[in-house]
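The values are calculated or read from the model by the stated rules, or taken from the named source; none is laboratory data. Owing to the predicted nature of the structure, the values given are computational and were not obtained by experimental measurement. With ideal geometry, Cβ positions are generated from the backbone for all residues, glycine too; neighbour counts draw on all protein chains shown. Side chains are part of the model used for accessible areas, which takes the heavy atoms of the whole protein and leaves out ligands, DNA and RNA. Shrake-Rupley method; radii C 1.70, N 1.55, O 1.52, S 1.80 Å.
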Amino acid sequence: MMTKLTRRTFTSALSVGAGAAAIGTFSIGRARAAEFTYKFANNLALTHPLNKRLAEAADKIKEETKGRFELQVFPSSQLGSDTDTLGQIRNGAVDFFSLSGLILSTLVPAAAISGVGFAFDSYPTVWKAMDGQLGAFVREEIAKSRQIFAFEKIWDNGFRQTTTSSKPVLTPADLDGVKLRVPPAPLWTSMFKAFGASPTTINFNETYSALQAKVVDGQENPLAIIETAKLYEVQTYCSTTNHMWDGFWILANRRNWDALPKDIQEVVTKHINAAGVAERADIEKLTASLREQLSSKGMKFNDVNPALFREKLRAAGFYTEWKGKFGDKAWETLEAAVGKLS
Ligand code: X2X
């Protein structure tokens, strides 16, 4: 069932239990049909902060445009998997789409650069880079595709941790041969091959069932995703590898965007970027509470020495390989933000 998400829907869905599919929206009085109704697709659960902030932004945009613009949010990959939806944002079947730069790199190779292993050590470093030169560089590369562009503020997915069901990952050697789900992106596959694992590419909307059926033994995601996608139900161990930071670019279909009047473009831009900054704070705050919350749901956490994992990548030639793939200009932009990597 195709459903759209507004704050009221979001709240009512929450009231019927977290994770419930968004239910139909309520009309208040005789709402005038919007002049422009645009679709926003994402792969996250209704309860994820990204969807909460999108529902709020949708309401603010509708109010400020006096009902002329309606943003219909479709969570949980309702309009298709990430790889399917990347095709839809390019051809305009979908108007907006939140997507990790690493998955986007199948179209815009440079977009994966923010996912280089252990590049970022803290959120201040992330935002200084992504709101600065590195983010501007990636957005320029995205715009060169001409079919899509990215809004200025990247949203937060978080620092990624490694989960398994059969045994904990204490050292890099514990990853040897582990069948691990990774998102559909060359850098993710490359990183976990360098760790010695056996990565399997699976879109996020099939990840829970793949873990449940033991098609794969593990996966890696930020704690906010492990919580909101209920991956703790099908995973036992969580190793705080912090092996990479990941974000969501808010992509727009260029032709559909250009069809909007300038005043509506300004309102949408303002509220989408402001929502992204608010969502970043939501993720950081939520993450701080999740180790305890997920432990209470049965997950067993262990910390690791990140230097051992970073050294494993270096010894496997991961940094040399990706410096070559991204090229000197991109790599210099990355190292200017995070320090020497290779
Ligand atoms: O697919 C994933 O693991 C997710 C949800 O983190 C992304 O969208 C990259």
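Descriptive notes on the structure:
- Counting only Cα atoms, region 18-338 measures 61, 45, 31 Å along its principal axes, largest extent leading.
- The chain: relative contact order as a whole-number percent, Cα under 8 Å and 6+ apart: 22 percent
- Segments 104-110, 310-316, 220-226, 140-146 sorted - mean Cβ within 10 Å per residue, highest first: 220-226, 104-110, 310-316, 140-146
- Surrounding net charge for residue 333, when Lys and Arg each add one and Asp and Glu each subtract one, Cβ distance under 15 Å: 0
- Once the Cα atoms are used to define both axes, helix 133-143 deviates from the longest principal axis of the chain by about 60 degrees.
- Carbon/sulfur fraction of accessible area - the chain, other protein chains in place, 1.4 Å, %: 53 percent
- Taking every DSSP beta bridge that has both ends in the chain, the antiparallel portion is near 55%.
- A simple packing score, the average count of other Cβ atoms within 10 Å per residue, orders the peptides 203-212, 115-124 as 115-124, 203-212, with the highest score first.
- If only the Cβ of Lys and Arg carry +1 and only the Cβ of Asp and Glu carry -1, the dipole of region 18-338 around its Cα centre is close to 380 debye.
- Label-to-label distance, residue 83 versus residue 340, with points set 7 angstrom from Cα along the beta-carbon direction: 3.9 nm.
- Accessible solvent surface per residue of region 18-338, calculated while the other protein chains remain in place, 1.4 angstrom probe, Å²: 40 Å²
- Placing unit charges on the Cβ atoms only, positive for Lys and Arg and negative for Asp and Glu, gives region 69-168 a dipole magnitude near 240 debye about its Cα centre.
- Alpha carbon convex hull of region 240-342, volume per residue in cubic angstrom: 181 Å³
- Options 149, 159, 111, ranked by Cα towards positive dipole end of region 84-207, top entry (Cβ charges): 111
- Placed amide H near residue 301: partners under 5 Å, 5+ positions off or other chain: 238
- With a cut-off of 16 Å on the backbone N, the residues of region 86-111 near the modelled label site 7 Å out from residue 34 along Cα-Cβ are 93-98.
- Label-to-label distance for residue 209 and residue 145 is 2.6 nm, based on points extended 7 Å past Cα in the beta-carbon direction.
- Amide H contacts under 5 Å for residue 157: 246, 247, 248, restricted to partners 5 or more places along the chain or on a different chain, H placed in the peptide plane at 1.01 Å from N.
- Computed from backbone phi with θ = phi - 60° and the Karplus coefficients 6.51, -1.76 and 1.60, the 3J(HN,Hα) list for region 115-128 is x, 4, x, 6, 5, 9, 10, 6, 5, x, 5, 4, 6, 4 Hz; x is used for glycine and proline.
- Residue-wise HN-Hα couplings along region 42-51, as the Karplus relation 6.51 cos²θ - 1.76 cosθ + 1.60 with θ = phi - 60° gives them from phi, are 8, 9, 9, 5, 3, 8, 6, x, 4, 6 Hz; Gly and Pro carry x.
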